Amino acid sequence: MDSLHLVHVKLLAADLLTLTPRHTSPASFVRGGRTVARAEVVGVVVSRDRREKFLRFLVDDGTGCVPCILWLNHQYLNANSSSDSDPTGEMASKMSEVVRLGTLLRVRGRIVMYRGAIQIAARDVVLEEDPNVEVLHWLQCVHMAKECYDLALPSV
Amino acid sequence: MASSTLKPGVPITLQELEPSSEIFKQGASLRVTGILQSYDVDSAVAVIQDGSAMLKVDTQHLRDISFRSGSMFQFIGELLIRPDDDVILQARVGRNVDGLDLNLYQQSLIIRRQHEARLLSSRRA
């Protein structure tokens with residue numbers, strides 16, 4: 001059993017945004033024959049749109065801009081509790097405060113499709129204050145692709 | 001939000017930004033990094049430097065940034081090439097990146113580009 005779909009896969013935007021969607025519920029995607037459902041990206045906020053129920057923002061890592069959505073509406077989250085890992089409204093509201101233009105963020109969450117495009121439904125939004133963290137993330141993405149994500153699953 | 005079609009600011013070194021380069025294009029979306037040499041309050045134009053290379057950055061759209069000479073800054077924006085190859089980056093966002101290991105950054109950029117190229121060729125295959 002491939003366990004890659006259980007973890008937040010560290011991906012560059014160019015990699016994430018070219019995943020192949022599978023028609024499953026909840027949503028899942030294929031990368032090199034392996035299923036992924038969650039991702040982790042690190043980049044700079046280049047766009048931000050706050051509404052009553054959600055905060056939509058774009059994270060630019062230089063290879064692409066990843067659309068992210070952070071739901072702020074607690075009732076909505078409860079009604080759609082496909083995952084017990086979704087943040088509560090209060091947590092989401094706190095996380096939304098760090099989403100400012102020009103800040104470096106780490107975003108983890110479920111990969112979803114919205115209007116035909118891939119986006120991340122954020123579970124964690126973390127402000128990264130050390131600029132070297134982004135460089136480390138690049139190297140981790142390259143390393144994990146080589147040593148794990150690109151490896152074929154052993155046949156059973 | 002502006003649009004999910006916003007182009008990513010491709011990270012480059014200031015040394016790479018020369019007229020013969022592929023990235024030297026009108027409107028190119030770039031991410032540049034350098035040490036602040038000067039900042040003109042009236043025009044909001046900053047000049048950043050990396051080694052012997054320098055670049056002007058128009059920061060009029062940026063807010064909440066304290067421009068200190070000698071600090072390192074990173075900007076994402078579009079390249080504006082004026083007559084006589086006078087170049088300025090029109091910044092959309094910017095941040096202070098004091099503490100960034102620029103040598104590590106540049107070496108990692110090379111590794112990352114190789115990874116991106118592999119990714120692209122595997123998608124085409």
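The values are calculated or read from the model by the stated rules, or taken from the named source; none is laboratory data. Please read all numbers here as calculations on a predicted model, not as lab measurements. In this analysis, Cβ positions are derived from the backbone assuming ideal geometry, glycine residues included, and neighbour counts consider all displayed protein chains. In case anyone asks, the SASA skips ligands and DNA or RNA and just uses the protein heavy atoms, side chains included. Shrake-Rupley method; radii C 1.70, N 1.55, O 1.52, S 1.80 Å.
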What do you get for the angle between helix B:102-124 and the principal long axis of chain B? Use alpha-carbon atoms, 0 to 90 degrees, nearest ten. 40 degrees
Give me, ordered by chain and number, the residues 5 or more places off B:V97 or on other chains with an amide H under 5 Å from its own placed amide H. B:M72, B:F73, B:Q74
Long-range HN-HN contacts of A:Y114 with modeled amide H, under 5 Å: A:Q119
Local net charge near A:D150, Cβ-Cβ under 12 Å (Lys/Arg +1, Asp/Glu -1): +2
Across the residues of B:90-100, average count of Cβ atoms on other protein chains within 10 Å? 4
With an 8 Å Cα cut-off and a minimum separation of 6 or more residues, compute the relative contact order for segment B:10-99 in percent. 28 percent
Scan chain A and report its longest stretch carrying no GluC sites (Glu not before Pro) that are both in a DSSP loop and have at most 16 other Cβ atoms within 10 Å. A:1-51
Computed on Cα atoms, the radius of gyration and Dmax of segment A:9-147 in angstrom are 14.4, 42
Using Cα centres only, tell me the gap between segment B:68-125 and segment B:9-43 in whole Å. 8 Å
At 1.4 Å probe size, with every protein chain present, just tell me what the per residue accessible area of chain A comes to in Å². 48 Å²
In Å², what does the accessible area per residue of segment B:10-99 work out to with a 1.4 Å probe? 49 Å²
Residues with amide H under 5 Å from that of B:R31, placed H, sequence gap 5 or more: B:V10, B:I12
Expressed as a percent, the portion of alpha-carbon pairs in chain B spaced more than 21 Å apart is 42 percent
How do A:119-127, B:10-18 rank on mean C-beta neighbours within 10 Å, highest first? A:119-127, B:10-18
Ratio Rg/Rh, restricted to the protein assembly as shown and using Cα atoms, in which Rh is the Kirkwood radius: 0.99
For chain A, give the magnitude of the charge dipole about the Cα centre (Cβ charges: +1 Lys/Arg, -1 Asp/Glu; no others), in debye to the nearest 20. 500 debye
Looking only at lysines whose Cα falls under 29 Å of A:K94's and that sit 8 or more positions away or on another chain, we get A:K10, A:K53, B:K7
Interface area, B with A, accessible, probe 1.4 Å, both sides summed, Å² nearest 100: 2600 Å²
With a 10 Å cut-off between alpha carbons and a GNM built on chain A, which of A:V98, A:V135, A:V44 moves the most? A:V135
With a 1.4 Å probe and every protein chain kept in, tell me what percent of the accessible surface of the protein assembly as shown is carbon plus sulfur. 51 percent
Lys and Arg at +1, Asp and Glu at -1: add these up for the other residues within a Cβ distance under 12 Å of B:T33 and post the number. -3
Pairs of Cα atoms under 8 Å, at least six residues apart: use those to get the relative contact order of chain A, whole percent. 24 percent
